[in-house]
Amino acid sequence: TADVLKVKGLLLSYPVITSDPEYAHMGSFKNLLGDGFAKNREQMSLEYQVTEAMPPCFIWHTATDQTVPLPNSLLLAMALWKAGIPVELHVYPEGIHGLSLANELVECLDGRGVQEECTSWISLVDTWLDRLMKKEGEE
């Protein structure tokens, strides 16, 4: 039989999750669904797509993200928790959307993009990955 690749974990940075108009980044859903936007918007809301087959997730977001509001990550984390899927969620109090590494390496020409307190996410995900791979090796 052919080997089947299986996702072992998901790393999500300020993700677009919900199509709820109160919290959604509607441009993402309109780009994804095109002409089927009105018909398919609700079923594409990822917090309703979580199953027991989901891999563990690491999520980080900032509370002040004006592009993709924090509830996107909170809704997914809650759905994962309810389904018994391991989830690690980090919410930083400040930071714009799209911080990436949040350090000088990714600083925008206008000086935005450096948020020192958010740089810890990379070491946190490193620890999470070590734990995930250790657990994988035990199975």
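Among the residues in region 23-36, are any in a loop (DSSP other than H, G, I, E, B), open to solvent by 30 Å² or more (accessible area, probe 1.4 Å) and basic (Lys, Arg)? No, region 23-36 contains no residue that is in a loop (DSSP other than H, G, I, E, B), open to solvent by 30 Å² or more (accessible area, probe 1.4 Å) and basic (Lys, Arg).
With the requirement that a residue be loosely packed, with under 10 Cβ neighbours inside 10 Å and either in contact (Cβ under 8 Å) with a residue 40 or more places away in the chain or not in a helix (DSSP H, G or I) (or both), what does region 108-127 give you? Matches in region 108-127: Leu109, Asp110, Gly111.
Screening Asp130 against (1) open to solvent by 80 Å² or more (accessible area, probe 1.4 Å); (2) modelled with pLDDT under 95; (3) not in a loop (DSSP other than H, G, I, E, B) leaves a single unmet condition, (2).
To keep it simple, each residue is scored yes or no on (1) modelled with pLDDT of 95 or more; (2) on the phi < 0 side of the Ramachandran plot.
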{"residue": "Leu80", "(1), (2)": "yes, yes"}
{"residue": "Gly84", "(1), (2)": "yes, no"}
{"residue": "Leu89", "(1), (2)": "yes, yes"}
{"residue": "Leu101", "(1), (2)": "no, yes"}
{"residue": "Glu104", "(1), (2)": "no, yes"}
{"residue": "Glu107", "(1), (2)": "no, yes"}
{"residue": "Cys118", "(1), (2)": "yes, yes"}
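Please tell me if Leu105 is of a type outside the set (D, E, K, R), outside any loop (DSSP other than H, G, I, E, B), loosely packed, with under 15 Cβ neighbours inside 10 Å and touching a residue at least 40 places away in the same chain (Cβ under 8 Å). No.
The values are calculated or read from the model by the stated rules, or taken from the named source; none is laboratory data. Not measured: the values here are computed from a predicted model. Using ideal geometry, Cβ is built from the backbone for each residue, glycine included, and neighbour counts are taken over all protein chains shown. For accessibility, only protein heavy atoms count, side chains too; no ligands or nucleic acids. Shrake-Rupley method; radii C 1.70, N 1.55, O 1.52, S 1.80 Å.
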